[in-house]
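*Asks:* Take this structure, written in structure tokens, and hold onto it; I'll ask about it next.
The values are calculated or read from the model by the stated rules, or taken from the named source; none is laboratory data. What you are looking at is a predicted structure, and each value in this text was computed from that prediction instead of being measured. Cβ coordinates were reconstructed from backbone atoms using ideal geometry, including for glycine residues, and neighbour counts include every protein chain displayed.
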């Protein structure tokens with residue numbers, strides 16, 4: 001470089017000293033989940049008690065830091081005091097005064113607000129001793145929950161823009177691409193395409209305008225990994241985009257974010273504005289001749305816009321519908337120019353790789369799936385939330401160590417991984433190393449990283465119907481295989497859960513699935529049948545039970561429930577008959593009643609009304 005870059009080390013030391021002067025830092029989760037649980041009121045209560053949120057220039061003895069998502073959503077609102085080695089969970093407005101008076105002022109921890117281990121039933125003080133955190137390796141999420149996401153100074157204190165500074169100092173875009181390639185980083189948003197290869201393809205189109213696009217259109221049900229990064233550590237994403245822009249020769253970028261993520265959008269806008277004002281984005285970044293401008297485009301909530309060509313169409317102001325490929329975006333993308341598209345998590349890995357080296361990143365994970373992966377762990381586990389583990393971690397470790405096992409001591413049944421595009425993993429897969437290739441071989445996929453855990457009371461056929469309903473609703477309708485194929489698959493699944501299925505439906509489902517996978521234009525259609533195919537592969541007996549026996553083994557499907565009255569327990573009080581909305585219950589006073597199954601609509605009102613527990617559902 002011929003220009004002189006700013007001294008970023010000096011900047012880091014300056015802000016670190018400011019943070020030290022804050023005294024005791026109390027980290028209060030202000031991610032979307034905790035905000036919904038009242039965390040903003042918790043922060044206000046701290047302020048009322050004289051423990052104020054102040055600018056970093058103030059020399060406070062105690063400072064409340066509103067942070068991004070801590071990940072442990074099950075336990076929000078979370079309050080972490082690192083210097084006191086304590087994590088408080090499920091904190092409510094009325095608990096704040098006790099924390100301040102008892103612990104902060106007098107040094108006496110509030111035991112009732114500590115996390116209780118579901119296995120040992122013991123209180124746990126420190127994050128690192130809580131299995132949910134202890135079993136994780138947080139790189140992408142390293143700063144989420146640790147810093148004020150709306151403060152550039154706090155981001156600088158933990159290393160923000162140091163990697164970009166290194167890139168500008170080195171002045172070699174080919175080196176950047178080679179480092180990303182050597183790291184083995186693969187796309188974290190779906191199929192796992194090698195990131196370095198995608199960068200090479202885009203950079204090969206020399207001359208003229210090119211773009212970087214961040215795909216933040218996180219549409220899978222239950223997935224919130226990208227949202228948490230944008231809310232909790234936005235500068236890590238912005239830095240990754242700037243490095244990508246330098247590598248491919250782009251000076252302009254877009255972040256495509258779901259409009260349903262207002263907090264993420266707000267914090268990204270704050271971060272972009274502050275980074276531009278301080279010279280970390282915009283013109284002549286950090287004193288160099290590199291310019292990079294980032295815009296935010298709010299998506300309209302269409303799941304199909306997660307597909308890169310549909311996303312491009314949406315940014316251009318058109319209806320979000322996929323386009324045939326080739327040409328690929330690397331050759332002809334946004335506004336007809338070469339375009340690099342990566343999702344949030346992929347780009348959030350870029351700065352750590354550049355800073356710590358490709359070898360550091362590739363030392364984690366498996367031979368073909370390097371690094372870590374974030375997952376949204378939801379469903380029937382004791383500890384739900386956002387986690388990050390090395391690629392190759394087994395499902396058993398995730399569900400029973402980090403997740404704390406199945407709720408209520410129930411039996412593990414399956415996990416739906418990858419959302420509507422993924423598939424089911426069963427008990428036989430508990431020790432399968434979870435990486436791109438192993439999951440595809442098992443009939444599933446990493447996808448965006450949604451993990452829905454199911455117990456013995458889950459109806460697998462209903463799960464397949466739920467996901468097919470979602471993908472059918474989200475189909476843009478452009479191509480016939482997806483538009484009509486998913487519609488017909490959904491009709492068959494609806495018949496089956498209503499007890500009207502036929503054995504030939506199973507074969508028809510498989511034929512339709514193949515046609516949809518082979519004939520659909522984009523990734524939504526090509527992966528839409530996955531939940532059906534994987535559940536048919538591992539739980540065909542449940543489909544057969546619904547069809548042949550007209551019975552739901554899990555007792556979930558309403559149309560197949562049988563409600564009966566135990567004559568020995570029934571006292572003839574007539575409450576059930578008076579409650580039944582369709583007059584299906586017959587009997588006289590003080591004599592056992594019975595239900596006319598031809599009239600019964602399985603609403604369960606009679607069971608709720610019976611004071612003698614004489615009415616059973618099966």
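*Asks:* What's the number of the condition residue 394 fails, among (1) surrounded by fewer than 19 Cβ atoms within 10 Å (Cβ to Cβ); (2) outside the structural domain of residue 449 (by TED's automatic domain parsing); (3) under 25 Å from residue 220 (Cα atoms)?
*Replies:* (2) is the only condition that residue 394 fails.
*Asks:* Sticking with this one: In the set 423, 443, which member is surrounded by fewer than 20 Cβ atoms within 10 Å (Cβ to Cβ), closer than 22 Å to residue 189 by Cβ and touching a helix residue (DSSP H, G or I) at 6+ places or on another chain (Cβ under 7 Å)?
*Replies:* Values: 423 fails: surrounded by fewer than 20 Cβ atoms within 10 Å (Cβ to Cβ).
443 is the lone residue from the list that is surrounded by fewer than 20 Cβ atoms within 10 Å (Cβ to Cβ), closer than 22 Å to residue 189 by Cβ and touching a helix residue (DSSP H, G or I) at 6+ places or on another chain (Cβ under 7 Å).
*Asks:* While we're here: Can you confirm whether the stretch 429-438 contains a residue that is on the phi > 0 side of the Ramachandran plot, surrounded by 18 or more Cβ atoms within 10 Å (Cβ to Cβ) and not in a strand (DSSP E or B)? Don't jump to the end; show me each part of the working.
*Replies:* Looking only at the stretch 429-438, we keep the residues that are on the phi > 0 side of the Ramachandran plot, and these are none.
No.
*Asks:* Read through the list (1) in contact (Cβ under 8 Å) with a residue 60 or more places away in the chain; (2) buried (at least 23 other Cβ atoms within 10 Å of the Cβ); (3) touching a helix residue (DSSP H, G or I) at 6+ places or on another chain (Cβ under 7 Å), then give the number of the only condition that residue 12 fails.
*Replies:* (2)
*Asks:* Among the numbered criteria (1) surrounded by 18 or more Cβ atoms within 10 Å (Cβ to Cβ); (2) within 29 Å of residue 358 (Cα to Cα), which one does residue 169 miss?
*Replies:* Among (1) surrounded by 18 or more Cβ atoms within 10 Å (Cβ to Cβ); (2) within 29 Å of residue 358 (Cα to Cα), the lone unmet condition for residue 169 is (1).
*Asks:* Continuing with this model, one more query. For the stretch 36-50, which positions are closer than 21 Å to residue 69 by Cβ and assigned to a loop (DSSP other than H, G, I, E, B)?
*Replies:* Within the stretch 36-50, 37, 38 meet the criteria.
*Asks:* When you scan the stretch 345-367, do you find a residue that is within 16 Å of the chain's Cα centre (by Cα), in a strand (DSSP E or B) and either farther than 22 Å from residue 244 by Cα or at pLDDT below 95 (or both), even just one?
*Replies:* No: the stretch 345-367 contains no residue that is within 16 Å of the chain's Cα centre (by Cα), in a strand (DSSP E or B) and either farther than 22 Å from residue 244 by Cα or at pLDDT below 95 (or both).
*Asks:* Among the residues of the stretch 117-132, what is the count of those that are loosely packed, with under 13 Cβ neighbours inside 10 Å and either in contact with a strand residue (DSSP E or B) (Cβ under 7 Å, 6 or more places away or on another chain) or without any contact (Cβ under 8 Å) to a residue 60 or more places away in the chain (or both)?
*Replies:* To start, the set of residues in the stretch 117-132 that are loosely packed, with under 13 Cβ neighbours inside 10 Å comprises 119-122, 128.
Subset that is either in contact with a strand residue (DSSP E or B) (Cβ under 7 Å, 6 or more places away or on another chain) or without any contact (Cβ under 8 Å) to a residue 60 or more places away in the chain (or both): 120-122, 128.
So the count comes out to 4.
*Asks:* Looking only at the stretch 375-402, filter to residues that are within 14 Å of residue 130 (Cα to Cα) and free of Cβ contacts under 8 Å to residues at least 60 places away in the same chain; which one of those is nearest to the chain's Cα centre (by Cα)?
*Replies:* 398
*Asks:* Hand me the list of strands (runs of 3 or more DSSP E) wholly inside the stretch 185-300 holding 1 or more residues that are surrounded by fewer than 23 Cβ atoms within 10 Å (Cβ to Cβ) and over 24 Å from the mean Cα position of the chain (by Cα).
*Replies:* 252-258, 293-299
*Asks:* Being under 16 Å from residue 155 (Cα atoms) and in contact with a strand residue (DSSP E or B) (Cβ under 6 Å, 6 or more places away or on another chain) is the filter here; which residues of the stretch 2-28 pass it?
*Replies:* 22, 25, 27
*Asks:* A further question on this structure: Taking residue 298 and the conditions (1) in contact with a strand residue (DSSP E or B) (Cβ under 7 Å, 6 or more places away or on another chain); (2) more than 20 Å from residue 188 (Cα to Cα); (3) modelled with pLDDT of 95 or more, which numbered condition does it fall short on, given that it satisfies the others?
*Replies:* Exception for residue 298: condition (3).
*Asks:* Answer yes if at least one residue in the stretch 313-325 is in the same structural domain as residue 246 (by TED's automatic domain parsing), farther than 21 Å from residue 257 by Cβ, crowded, with 20+ Cβ neighbours inside 10 Å and touching a strand residue (DSSP E or B) at 6+ places or on another chain (Cβ under 9 Å), and no otherwise.
*Replies:* Within the stretch 313-325, not a single residue is in the same structural domain as residue 246 (by TED's automatic domain parsing), farther than 21 Å from residue 257 by Cβ, crowded, with 20+ Cβ neighbours inside 10 Å and touching a strand residue (DSSP E or B) at 6+ places or on another chain (Cβ under 9 Å).
*Asks:* Please list, ordered by first then second residue, the pairs with beta carbon atoms under 6 Å, 6 or more apart or interchain, first in the stretch 73-94 and over 17 Å from residue 43 (Cα atoms), second in a helix (DSSP H, G or I).
*Replies:* Close Cβ pairs (under 6 Å, with a partner that is in a helix (DSSP H, G or I)) amount to 73/33.
*Asks:* Among the candidates 491, 517, 487, 504, which residue alone is over 30 Å from residue 616 (Cβ atoms) and buried (at least 17 other Cβ atoms within 10 Å of the Cβ)?
*Replies:* That would be 517, the only listed residue that is over 30 Å from residue 616 (Cβ atoms) and buried (at least 17 other Cβ atoms within 10 Å of the Cβ).
*Asks:* Another one. For the stretch 133-149, give me each residue that is at pLDDT 90 or above and in contact with a strand residue (DSSP E or B) (Cβ under 8 Å, 6 or more places away or on another chain).
*Replies:* Hits for the stretch 133-149 are 136, 137, 138, 139, 140, 141, 144, 145, 146, 147, 148, 149.
*Asks:* Restricting to the stretch 534-571, count the residues that are closer than 14 Å to residue 595 by Cβ and surrounded by 14 or more Cβ atoms within 10 Å (Cβ to Cβ).
*Replies:* Of the residues in that region, 6 qualify.
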